[in-house]
Amino acid sequence: MNLIYVSAILLLLVITQDAYADSPLSAMNAWIEGQLASSQSSLSAYAFLMLGGLMASLLPCVYPLYPITASIISGRSQNHSSRVLHPVTYYFGLASIYFMFGFIAAVTGGAFNEVLRLPLTNLLLALLFLLLALATAGFIHLPGFNGNSIGEKTPGVLGTFFMGMGAGLLSSSCVGPFVVSILVGLASQAGGIALFSTLVAALKMLAFGLGLGIPFLLIGLFGVKLPKSGAWMKYVQWALGLLILYFAFAYLEKSLSGYGLKPESIQLIFFGALLLLFSVYMREGEQVDGLPRMQRALFTLFAVVGGLVLAQGVFTPATTATSAGEAITATIATETKGELTWYLNRADAVKAAREQGKPIFVDFFAYWCANCKEFEHLTETDRELIAGLKNVVLLKIHDTDPEFKAYQNDSRYPELKVGLPFFVMVDADDHLIYKTSDYTRTDEMLLFMGG
């Protein structure tokens, strides 16, 4: 029966998502974005913000988190008298991340988002998720994450709260069209830091997070049947550890792509690090208890990572940026995806736009950005979008390109200080024609492309 609950929820998500793109909900999306960025505060506004969060939870890239949530709640609710405690704790942990987003955006004016974009910050997050994965699998003990001891004790609610925060952090990369709107609006509001305005900003994001977490809460409450605990729970722990390990890879990819590494190289580094960790762990021998073995293996891995970070900072040539710029101007750098060819240098795109009398469509791209990749897939499969993109000059700016920073500092594009994806259309003289952070608004894009 519980399988029916899960199936029904997922079916509802799919049906609603299919109706989302071409229905009045798309217009409601724009209205909600306006509410997010406005300074008004009312019960109806908060209700619609919760609705906006629920709508955002219907985006396809959020779906993989649902079975992960079911597994987490199932594993952590074992041997607990209440089936409500862990699902509700997980739900509020998820929503708390968005409360923090709103608070930080109001206080810092978007500066904290710059910190979150730093490769080193994402490397630290990757290491944090690695620790969470090992704790879930029972290899190490984190206070408050597990129970009093690994194995038979009931996992603590504090750990469930932290895992909910992790789910909120991961889902934030998928719901960019909504989150970017509120963070840009809050960061650009004048008047300095005031207690009331800061609280309003935080509560707005909390309302959004509570709406986003509703499917997670329903799956936790009704979609999980909890069989009796036993030896099989060890395998569940390992499976959960692997799922969380994927989160670590996602942040490692985000970090290393900031240093200019390609996805295939990042995959090799990730599996190489796991191999090093496993090798050191096995080398200790079974005569040493599991926890000290894993601690020593982690110390070795962290020492290697720290040494590489130190070497990168010390040995990076000071002339790298200059030589890279010279290399770009020497040849016309392009990238072909499907039927479309993208310029990778703004000067080349501007020259082509003037020669052809066409506007320039700019796609700000990052390998770690899930929605950037979704749009890239659309540019290879959506025939109508492909036809429209052939009417303009295409320019792709990677987040690691020197030109990306120049666009970030342009006052017309505060969205780039918050996150990706982001799309801009300008003429050859750099006059802004259109911009959006929502990759699903292809109909709007086509209107400006003449498609």
Q.
For the stretch 254-271, which positions are surrounded by fewer than 17 Cβ atoms within 10 Å (Cβ to Cβ), outside any loop (DSSP other than H, G, I, E, B) and among the small types (Gly, Ala, Ser)?
A. SER265
Q. Has the stretch 61-70 got any residue that is assigned to a helix (DSSP H, G or I), within 14 Å of GLY159 (Cα to Cα) and modelled with pLDDT under 80?
A. yes
Q: Identify, by number, the condition in (1) at pLDDT below 75; (2) closer than 30 Å to GLY388 by Cβ; (3) out of contact with any Lys or Arg (no Cβ under 6 Å at 6 or more places or on another chain) that ARG354 doesn't meet.
A: (1)
Q) In the stretch 398-451, what residues are of a type in the set (Val, Ile, Thr) and either on the phi > 0 side of the Ramachandran plot or in contact with an Asp or Glu (Cβ under 8 Å, 6 or more places away or on another chain) (or both)? A) ILE433, THR436, THR442
Q.
Looking only at the stretch 359-390, filter to residues that are in contact (Cβ under 8 Å) with a residue 60 or more places away in the chain and in a loop (DSSP other than H, G, I, E, B); which one of those is nearest to ALA56 (Cα to Cα)?
A. CYS369
Q: Within the stretch 345-357, track down each residue that is surrounded by fewer than 19 Cβ atoms within 10 Å (Cβ to Cβ) and outside any helix (DSSP H, G or I).
A: GLY357
**Q.** Selection count, the stretch 206-248, where residues are under 18 Å from the mean Cα position of the chain (by Cα) and either at pLDDT below 85 or surrounded by fewer than 21 Cβ atoms within 10 Å (Cβ to Cβ) (or both)
**A.** 6
Q) Restricting to the stretch 400-422, what's the tally of residues that are crowded, with 21+ Cβ neighbours inside 10 Å and not in a loop (DSSP other than H, G, I, E, B)? A) 3
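The values are calculated or read from the model by the stated rules, or taken from the named source; none is laboratory data. Because the structure is predicted, anything quoted here is derived from the model rather than measured. Note: ideal-geometry Cβ built from the backbone for every residue, glycine included; neighbour counts use all protein chains shown.
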